[in-house]
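The values are calculated or read from the model by the stated rules, or taken from the named source; none is laboratory data. This structure is a prediction, so every number in the text was calculated from the model and none was measured. For neighbour counting, all protein chains shown are included, and Cβ atoms are generated from backbone atoms with ideal geometry for every residue, glycine included. Remember, those area values only see protein heavy atoms, side chains included, never the ligands or the DNA or RNA. Shrake-Rupley method; radii C 1.70, N 1.55, O 1.52, S 1.80 Å.
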Amino acid sequence: MKILLLAHEKDDHAAPVHWALTQAGYQAECRGGVSAAAGEHASLTFNPKPAVALGAMIVQPGDTVWFREPNHSVLEPTLNGAAKFSRFWQEIISMFELLPARSINKPTASNLIINKPVQLRLAGEAGLRVPATVVSNAPAAVREFFDRYPDGAVCKPFVPHIWQRQDSKDTAVAETFSLTRAELPPDEIFTYAPAIYQQRIEKQFDVRTVLMGKRIYSFALRTPGNSLDWRFDAAIRNLDVEIISTPAEVEKALLTFVEASGVCFGSVDFAVDRHGRWWFLEINEQGQFLWLEEYNPHVALLQKFCAFLTADEDATESLEKRQGLFPSLLDYDQAHPNRETSDFRDATADASFKSVEP
C-alpha cells in the first residue's frame, strides 16, 4: 500500500503526516505539482486500463490519494510553462477518482461541497439545524432579511482569511461580525460586496468536528469573551480546546450529510446555543485539524488521521485501535525542533506553505 499526498512537501499538514507515515514503515510521497525537472514528471497511460505515474510512483489498486492541496503549486516558473503544466496537472488530478485507488476526498465531491449554499441545503435535508440565511448582493433581499432579524444577524465572508505580518506579531482576520438593521450601508455597497448573512445564534461555545470516514471527533472551542468568531483568538493563542461527545442525533444527521455530499473527510463548524442545541455553520472538506493537537495534545489527531489513511476503505475497527502504530505531533515537533509551527503561529519567509485559514 502506498499513500500519495497531493500537497507540497512543506505544507504544514502534509509534512507531519508524511513523516509519521514513513516512520511507521509506509511508503508515502508528497506531490504539489508537475514540471520539467527530473523526478517531477507525470504520465497518464491507457493500456488498455488507465494508470497514473508521478515520478517513480505508480498509483495502483489499494493505494490511497489524499487531496490535501492539489492546486497548491505548479512547479514551473515561466508564464507559458505555468499555463501548460497547470492544465496538465488538472488532467492528472481528474483521473485519480476514476482509478481503483481510494480518494480522500474525490475531486467531484470536493468541488460540490466547497460551495456554502450547497452545504446548507444538504445539511438541512440531513436533519442538522441550519440558521436562516441569505447569500446575496441584492440590496432588497439583504434588507428584507434584516427586517426579520433586525438585531440578531451576522455577516460572513465567503472565505475567511488570517494575515500575519512577517516583521511583527500583528494579525488581521477577515472574520464573521455582527450587523444590525440600523448599521446597514447604502445599497451600492451591497452590489459590490456579495456576502453571507445569517441569523445569529446565541451560543455557549463553538465546536470543531473532524470527520474521518464514519468516525466523528468533536472539540469545544472556548474563548475568554465567548467571541462571535473564535479565529482571531486562535491566532493569538487565546483559545481552549476540549474533547467532547457528539450528540447521537447530530452524529446520525452528520453521517447522512456525509453520504449525500460524497465527502469522507473534513472539518465541520457548529455553534452550540444556550439550550444545548447544535447549529451547523459550515464544512471545510480539507479543513485544518492538526492545530487542535497543538492546543490539546490529548486529541491525537495526527495518529488518528494516519490510521484513517492506511485503513481499508470499508474498515469498521476504531482508529484508536491502530493509532498507536504512528508517532504523535509532539514526536514530530521533537524530531523537527526548527520547523515552522503550523496554522496560527508566527508567519515566516516560508509562509507560502503555511495554512493560516482554519
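Values computed for the structure shown
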{"read-out": "Mean separation of Cα contacts under 8 Å, 6 or more apart, over the residue count of the chain: relative contact order %", "value": "18"}
{"read-out": "Virtual spin-label span in nm between A51 and L325, 7 Å along Cα→Cβ", "value": "2.6"}
{"read-out": "Accessible surface, 1.4 Å probe, highest first, among residues F46, F308", "value": "F46, F308"}
{"read-out": "Accessible-area composition of the chain, carbon plus sulfur, in percent [1.4 Å probe]", "value": "51"}
{"read-out": "Pair A36, I114: separation of 7 Å Cα→Cβ label points (nm)", "value": "2.9"}
{"read-out": "Average Cα contact separation per residue, the stretch 214-258, under 8 Å, 6 or more apart, as relative contact order %", "value": "45"}
{"read-out": "For the stretch 108-148, alpha-carbon Rg relative to the globular expectation (2.2 N^0.38 Å, N residues)", "value": "1.40"}
{"read-out": "Selected from Y149, Y26, Y192 as most flexible by GNM, with the chain as the system and alpha-carbon contacts under 10 Å", "value": "Y192"}
{"read-out": "Rounded FRET efficiency, nearest 0.05, which uses the C-beta distance separating E125 from L98 and R0 of 35 Å", "value": "0.80"}
{"read-out": "Solvent-accessible area of I236 with every protein chain in place, 1.4 Å probe, in Å² to the nearest 10", "value": "80"}
{"read-out": "Proximal lysines to K106, defined as alpha-carbon separation beneath 25 angstrom and excluding residues fewer than eight positions away on the same chain", "value": "K2, K10, K49, K84, K116, K214, K252, K304, K354"}
{"read-out": "Two-site FRET efficiency, E9 against A138, from Cβ-Cβ distance with R₀ of 45 Å, rounded to 0.05", "value": "0.50"}
{"read-out": "0 to 90° range, to nearest 10: angle between helix 139-148 axis and the chain longest Cα axis", "value": "60"}
{"read-out": "Spin-label pair A83/N338, simplified geometry with 7 Å Cα→Cβ offset, distance in nm", "value": "4.1"}
{"read-out": "Potential extension, L44-Q60 segment - 0.36 nm per residue separation minus Cα distance", "value": "4.5 nm"}
{"read-out": "Residues of the chain: accessible area per residue with a 1.4 Å probe, Å²", "value": "47"}
{"read-out": "Rounded to the nearest 10 Å², the accessible area of Y295 at probe 1.4 Å", "value": "40"}
{"read-out": "With Cα atoms, 0 to 90° folded angle of helix 116-126 axis to the chain main axis", "value": "80"}
